[in-house]
Amino acid sequence: MRPSHWICFLSIFCLLSSAGHAASNAQFEPGDVVLTNCHQIYTKGSVKAKVDDGYTIHFPKNSGPINCPPFRWHAEFVLPYQSVPEYRLQFMGGFKKDLIFRTGETVTLRFDADKRIIKNKETVDIQAEITDISSNGAIAVKLLSNSPEEAATFWKWVGGNYIDLRHKALEAERSKR
């Protein structure tokens, strides 16, 4: 590769990384609707107040489960929320085919089985319908499965939250597409 190509490549990389850093440091005002990131599971809420290095977030009653302490959220874990009808999940900068997810589609979530609930399986596959998609690639889903074990696992991990399309639980779904 010629030196001029390397310079072009590095400058594009620097621009993209600085744009991503700037997006994570967005300033929010009280009342703004946001998503809080807890291990790629997002909870939708609204900014109540700005504090030292983050925000106090108000979550509606149907939110949850919140598996991270919900008291004060550091700014890097608070993202803007905007609903979109579809999301294109891109891989390797566009060298692989985009995966398109749309509202109303059915997806399969695969979680490790909780041995206290499910004794005879290693994993639990849960069927769910996409009800909303955020512009950052997180989806809200509605449980379609009827099994009590699947429902218990769903409400333990996802419930009324959004799950990132890059989350490990959606790996099987991504490989099907």
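The values are calculated or read from the model by the stated rules, or taken from the named source; none is laboratory data. Here the structure is a predicted model, which means the values were calculated and not measured. A quick note on method: Cβ atoms are made from the backbone with ideal geometry, for glycine too, and the neighbour counts reach across all protein chains shown. Protein only, heavy atoms only, side chains kept; ligands, DNA and RNA dropped before computing areas. Shrake-Rupley method; radii C 1.70, N 1.55, O 1.52, S 1.80 Å.
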Problem set entry | segment 125-134 - phi-based ³J(HN,Hα) in whole Hz, Karplus 6.51/-1.76/1.60, Gly and Pro as x | 9, 10, 8, 9, 10, 6, 9, 7, 10, 8
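Counting heavy atoms of the protein chains only and a 1.4 Å probe, report the per residue accessible area for segment 121-164 as a whole number of Å².
Details: 1760 Å² over 44 residues.
Value returned for segment 121-164: 40 Å² of accessible area per residue.
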Exercise. What residues qualify as long-range amide H neighbours of Ser145, i.e. H under 5 Å apart, gap of 5 or more or another chain, H built at 1.01 Å from N?
Worked result: Gln127
For this session: For Phe28, enumerate residues with amide H under 5 Å from its amide H, sequence gap 5+ or separate chain, H modeled in the peptide plane.
Result: none
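Suppose R0 equals 25 Å; then what is the FRET efficiency for Ile117 and Gln40 from their Cβ-Cβ distance, rounded to the nearest 0.05? Could you put the intermediate results ahead of the total?
Values: r = 22 Å, r/R0 = 0.88.
It comes out at approximately 0.70.
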Exercise. Of Lys121/Lys168; Lys96/Lys168; Lys97/Lys156; Lys61/Lys97; Lys48/Lys168; Lys119/Lys168, which ones are farther than 28 Å apart at the Cα?
Worked result: Lys97/Lys156; Lys61/Lys97; Lys48/Lys168
Exercise. Taking the highest mean first, how do the peptides 111-117, 169-175 order by number of other beta carbon atoms within 10 angstrom per residue?
Worked result: 169-175, 111-117
Problem set entry | In nm, spacing of pseudo-spin labels at Ala172 and Lys61 (7 Å Cα→C-beta vector) | 3.4 nm
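Expressed as a whole percent, how much of the Cα-Cα distance distribution for segment 29-99 exceeds 17 Å? Mind dumping the intermediate values first?
Working: 1213 of 2485 pairs.
Taking all Cα-Cα pairs of segment 29-99, the fraction more than 17 Å apart is 49 percent.
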For this session: Provide the packing ranking of 144-153, 72-81, i.e. peptides ordered by the mean count of other C-beta atoms within 10 Å per residue, highest first.
Result: 72-81, 144-153
Exercise. Can you give the FRET efficiency for Glu29 and Trp155, using 1/(1 + (r/R0)^6), R0 = 30 Å, r = Cβ-Cβ distance, to the nearest 0.05?
Worked result: 0.40
Exercise. Nearest 0.05, what FRET efficiency do Arg110 and Gln82 give at R0 = 25 Å with Cβ-Cβ as r?
Worked result: 0.35
Seminar exercise, completed: With 0.36 nm assigned to each residue of separation and the Cα-Cα distance removed, Asp98 to Ser135 gains 11.8 nm
For this session: With a ≥ b ≥ c taken as the square roots of the eigenvalues of the C-alpha gyration tensor of segment 100-176, please select rounded if a/c is under 1.5 and otherwise prolate if a/b is larger than b/c or oblate if it is not?
Result: prolate
Problem set entry | Carbon/sulfur fraction of accessible area - segment 61-177, other protein chains in place, 1.4 Å, % | 53 percent
